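The structure appears below as C-alpha cells.
Since every read-out is calculated from the coordinates, none of them should be taken as a lab result. As the structure is a prediction and not an experimental result, all values here were calculated from the model. Cβ: placed from backbone, ideal geometry, glycine included. Neighbour counts: every protein chain shown.
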Amino acid sequence: MDTNDRSITAFTMLAHGSFHTYELSIPIFIVIWLDVFDVSTFVLGVVVSIGYGLIGIGAVPSGSLADQYGSRMLIVASVVGMGGGFFLLALAPNVLTLTGAIVIWGIAASIYHPAGLSLISRGATERGTVFAYHGVGGNVGTAFGPLLAAFLLLFLDWRLVVVLLALPAVVVTVVGTTIEFDVAGDAASDDDALDLGGFVADSRLLFTTGFALVFVIVMLYGVYYRGLLTFLPDMIGDLPAFETLTLLGQSVEPADYIYTGLLMIGILGQYAGGRVTDIVETEYALLTTLGSLGVLAFVFLPTAATSTTAFFLVCGLIGFCLYATAPIYQVLIAEYSTADVHGLSYGYTYLGMFGLGAGGAALSGALLTYVSASALLGVLGVIALAAAGLVAATIRWL
C-alpha cells in the first residue's frame, strides 16, 4: 500500500474498531440488564433492536451525505456521538432511559459504515486489501471491546465499565481530525448538495440493477448476524457445561469468554474475506461463507451436548465465517454500483444489514422467551441458506 492507502487504513480501522467495540459490548451488558431492570429477553430484545435498527435507518441519509460532503468529518461526528451515547447508558435508572441512550448511540452509529466504506472505495488504490485491514480493525474492537468489558466487570460496577469504554472515542476523534490523506472526488459540488431529485433517481437506478438482489442477501445476513450475536452469551451460559463459576472469590461467566473468543477468531475471518476477493470471484466466496453459516447454526447445540471440543470448533468456524462474509459483500456492493453513488449504495446496504437486520434481535428475544434456543438456531440456519440460495441466483442470472 502507498502512504495514502495506509492513512485511510489507519483512520478507518480505528473508527471501525470503535463502532464494533460499542455494538458488541452490548450483549455482555444484556446479561446484567436483565437482572438490574427486571425485564424479559423479549422486552430487552425489542429495546436493543430499536438501537440497532436506527443504524440501518440512518445509513441511507448518511450515505447520501457522504456522497455530497465527503467522509472525514462524518466519521468523526459518528465516533463522538457513539462515545457520548454509550456514556449515557451509565446514567440510565430504568429501561426507558436505557432505551433513550441506545437510541442516541444508534443514530450516531448509523453514520459510520456508509461514510467509512465510501471513503475506502473511492480513495484506496488497493481496495480489497484496505477492506481487509478495515475488517480486521473492526474485529479487534469486536473481540477486545467485549473481552475488556467482561474482564472489568469482574472488579467494577457495570456503570463505571460503560464510562471507561466510552473513552477511546476521544482518541479516534483526535486522530480523525489530524491525519492526512487525499480522496479524489470525495464530495460533490455544492450545486448537488440537496438534490432530492438526484437522490431519488440514483436510488431508482440502484434498485433496477443486480444491487437489489444483493441488498436482500445482505438483509438476510443481517438478521442472522444480529439474531445470533445479541443473546449468544446468554444462550451459552444456559448450557450446563458453561454455568457461572467462582474464581478467587469472584463470579466468572465462561460464556462471556467463549463469546469473545468467537469474535477474536472473526479477526482472521475479516482479513481472509477481504483478501480472497482479490483471488476468486466475489459471488463464489459469499456463497461459501453463507452456506457454511447455515450448516453451523444447525449443529451448534447438538455439538454442545456431545463434545466440548467439537462445540469450540463450531464456535470458531462461526466466528470465522460470520466475519469473513462482511468484507466479501462490501466488495460485491462496490462491484454492483458506480463510484459516484458508493456512499448511497453502502447506505442502503446498511439499511438492510443493521436496519432491517436488527429485527434479528427481536426475533431471537421472542423465540428464546416463548419457544427455545433450538428453534432460534433452526430459523437462523434457514435464513442463512436462503441468502446462499440468492447468491447462487446472482451467479446464474446476473
**In nm, spacing of pseudo-spin labels at residue 73 and residue 170 (7 Å Cα→C-beta vector)** = 2.4 nm
**Message:** Using the Kirkwood radius over C-alpha pairs as Rh, can you work out the diffusion coefficient of the range 12-59 via Stokes-Einstein at 4 °C, viscosity 1.567 mPa s, in µm² per second?
**Reply:** 109 µm²/s
**Asked** Given +1 on the Cβ of Lys and Arg, -1 on the Cβ of Asp and Glu, and no further charges, what dipole in debye does the chain carry about its Cα centre, rounded to the nearest 20?
**Response** 540 debye
**Request:** Springs between alpha-carbon atoms under 10 Å, Gaussian network over the chain: tell me which of 235, 13, 219 tops the mean-square fluctuations.
**Result:** 235
**Complete:** Mean 1/r over distinct Cα pairs of the range 206-301, inverted to a Kirkwood Rh in Å, yields 16.0 Å
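Using Cβ counts within 10 Å as a stand-in for footprinting exposure, how do 105, 33 rank, fewest first? Mind showing how you got there, number by number?
Working: 105 27, 33 19.
Result, fewest neighbours first: 33, 105.
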**Item:** Euclidean distance between Cα centres, the range 364-398 to the range 111-138, Å
**Value:** 28 Å
**Request:** Restrict the search to the range 239-331; then list the GluC sites (Glu not before Pro) that DSSP places in a loop and that have at most 14 other Cβ atoms within 10 Å of their Cβ.
**Result:** 243, 281
**Request:** Could you tell me the largest-minus-smallest coordinate of the C-alpha atoms of the chain on each of the three principal axes, in descending order and whole angstroms?
**Result:** 62, 47, 37
**Message:** Can you give me the Kirkwood hydrodynamic radius for the range 243-365, using every pair of distinct Cα atoms, in Å to one decimal?
**Reply:** 16.5 Å
**Fill in**
Ranked by GNM mean-square fluctuation in the chain (Cα springs under 10 Å), the top entry among 172, 280, 60 is 280
**Prompt:** What do you get when you divide the Cα radius of gyration of the range 104-175 by 2.2 N^0.38 Å, with N the number of residues?
**Reply:** 1.35
**Asked** Which value, in Å to one decimal place, does the Kirkwood hydrodynamic radius take for the range 22-135 when every pair of different Cα atoms is included?
**Response** 15.1 Å
**Prompt:** In degrees between 0 and 90, to the nearest 10, how far off the longest principal axis of the chain does helix 359-370 point, with axes built from Cα atoms?
**Reply:** 20 degrees
**Request:** Report, in debye and to the nearest 20, how large the dipole of the range 1-120 comes out about its Cα centre when Lys and Arg carry +1 and Asp and Glu carry -1 on their Cβ.
**Result:** 160 debye
**Request:** Report, to the nearest 10°, how far helix 112-123 tilts away from the longest principal axis of the Cα atoms in the chain, using its own Cα long axis and a range of 0 to 90°.
**Result:** 40 degrees
**Request:** Please report, in debye to the nearest 20, how large the charge dipole of the range 253-398 is about its Cα centre when each Lys and Arg carries +1 at its beta carbon and each Asp and Glu carries -1 there.
**Result:** 240 debye
**Asked** How big is the gap, in Å, between the Cα center of the range 1-57 and the Cα center of the range 199-239?
**Response** 15 Å
**Item:** Order of 346, 69 under a 10 Å beta carbon neighbour criterion, fewest first
**Value:** 69, 346
**Item:** Folded to 0 to 90 degrees: helix 168-178 orientation relative to the chain principal axis, Cα
**Value:** 10 degrees
**Request:** Using the number of other C-beta atoms within 10 angstrom as an exposure proxy, rank 364, 49 with the fewest first.
**Result:** 49, 364
